[in-house]
1. Mind telling me which of the residues G51, G32, G20 ends up being within 16 Å of ligand 2 (Cβ to nearest atom) and on the phi > 0 side of the Ramachandran plot?
2. Within region 159-177, can one find any residue that is out of contact with any helix residue (DSSP H, G or I) (no Cβ under 9 Å at 6 or more places or on another chain) and within 15 Å of ligand 2 (Cβ to nearest atom)?
3. Between a first residue in region 213-240 that is under 17 Å from R279 (Cβ atoms) and modelled with pLDDT of 95 or more and a second residue that is open to solvent by 60 Å² or more (accessible area, probe 1.4 Å) and more than 13 Å from ligand 1 (Cβ to nearest atom), which pairs have beta carbons less than 7 Å apart while being 6 or more apart in sequence or on different chains?
4. Any residue in region 281-288 that is buried (at least 17 other Cβ atoms within 10 Å of the Cβ) and under 25 Å from P89 (Cα atoms)?
5. Using the structure shown, decide if S146 is more than 16 Å from ligand 2 (Cβ to nearest atom) and open to solvent by less than 10 Å² (accessible area, probe 1.4 Å).
6. Scanning region 3-35 for residues that are in contact with a Pro (Cβ under 9 Å, 6 or more places away or on another chain) and more than 15 Å from ligand 1 (Cβ to nearest atom), which turns out least open to solvent (accessible area, probe 1.4 Å)?
7. Testing H120 on (1) modelled with pLDDT under 95; (2) away from ligand 2 (no atom under 16 Å from the Cβ); (3) closer than 29 Å to L281 by Cβ, one condition comes back false. Which one is that?
Amino acid sequence: MMTMLPATIIQAAADTLTKGGLVAFPTETVYGLGANALNADAVARIFALKGRPSFNPLIVHVKSAEAARDYAKWNALAETLAAAFWPGPLTLVVPRAKACALADAVSAGRDTVAIRVPAHMIARQLLDTAGVPIAAPSANRSGKVSPTAAAHVREEFGVEAPLILEGGNCVIGLESTVIDVTGEAPVLLRPGSVTQEDIMARTGLRVALNEDGEIRAPGMLASHYAPAIAVRLNAADVGKDEALLAFGDMPLQGAAATMNLSVSGSLDEAATNLFAMLRALDDERYRSIAVMPVPEHGLGIAINDRLRRAAAR
Ligand code: TXA
Ligand code: MG
């Protein structure tokens, strides 16, 4: 659902941002917890509310590639990728401009900044009306499952919840692909719905993995996106005291509860459903969540990345 909100609601949210407050808003990937990226106190509120480690930098959302140039040392790689995928679920890590007006904390001590232009209509309305860049991590407590619906943000923060713009369910359901373009070749820091194949097809650029072959942005610890109960991957059987997260048209039988990421075996559908289903099955009545295998190709790479981090303890 990519509907717009009435101008009065957007204006109230924009005022909250310009006064230094936090606003949760939908994007095509997941809900973000936004603050005015020019205001250090506002950005500090994001870290405090999420319980986010100060070494984990934030993504700055801007309305256009044009606006990104105000804060970055823009380069040819960034230009090519932005032209191909913005607005959309791709975040580019670029060198910070010399006189960069962004709060230092968005970069968490690095000389780079992560920037993206979201495609969601409500996010774009908010950026237009607020007229400032918006720093926004996913709107969950640090280490927990990202929210793909406004209700998830409410559950996550309870009485501490910020103003939330209601925009229905996020269509993509996984966080943006993060690519470092500070060097000679683009490097994948976090897999997402823009895959290496998509980038090759649209730009001819080959995206490399880190030197150690590990895909990892600074904040992506081994345990992340984690439900409170245990998660067991590549399940070939399921206990009657377990919840089952199935994939495909032959779900295992005998679980205490079952949800299916995609009966038809669609990876797009599985991505959209992943976080909401992990949340729904995260119930202490179950010993663990058993997850059936998801193919490790295309969007399945990002899905399996999140599942491995959800399972790590
Ligand atoms: O889809 C998304 O990207 C969502 C929506 C709200 O835009 N945002 C999101 O933000 O997922 P967050 O904070 O949950 O994840 C940002 C990721 C983290 O893994 C962080 O470490 C990495 O991007 N990151 C941010 N700035 C970086 C930088 N300067 N260098 C390297 N990695 C960076
Ligand atoms: Mg996050």
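1. Only one candidate qualifies: G51.
2. Checked region 159-177: at least one residue is out of contact with any helix residue (DSSP H, G or I) (no Cβ under 9 Å at 6 or more places or on another chain) and within 15 Å of ligand 2 (Cβ to nearest atom).
3. Correct list of pairs: I229/E284.
4. no
5. When the stated conditions are applied, S146 does not pass them.
6. G21
7. It fails just one condition, (1).
The values are calculated or read from the model by the stated rules, or taken from the named source; none is laboratory data. This structure is a prediction, so every number in the text was calculated from the model and none was measured. As a convention, Cβ positions derive from the backbone with ideal geometry for all residues, glycine included, and neighbour counts pool all protein chains shown. Heads up: the accessible areas ignore ligands, DNA and RNA and are worked out on the full protein's heavy atoms, side chains in. Shrake-Rupley method; radii C 1.70, N 1.55, O 1.52, S 1.80 Å.
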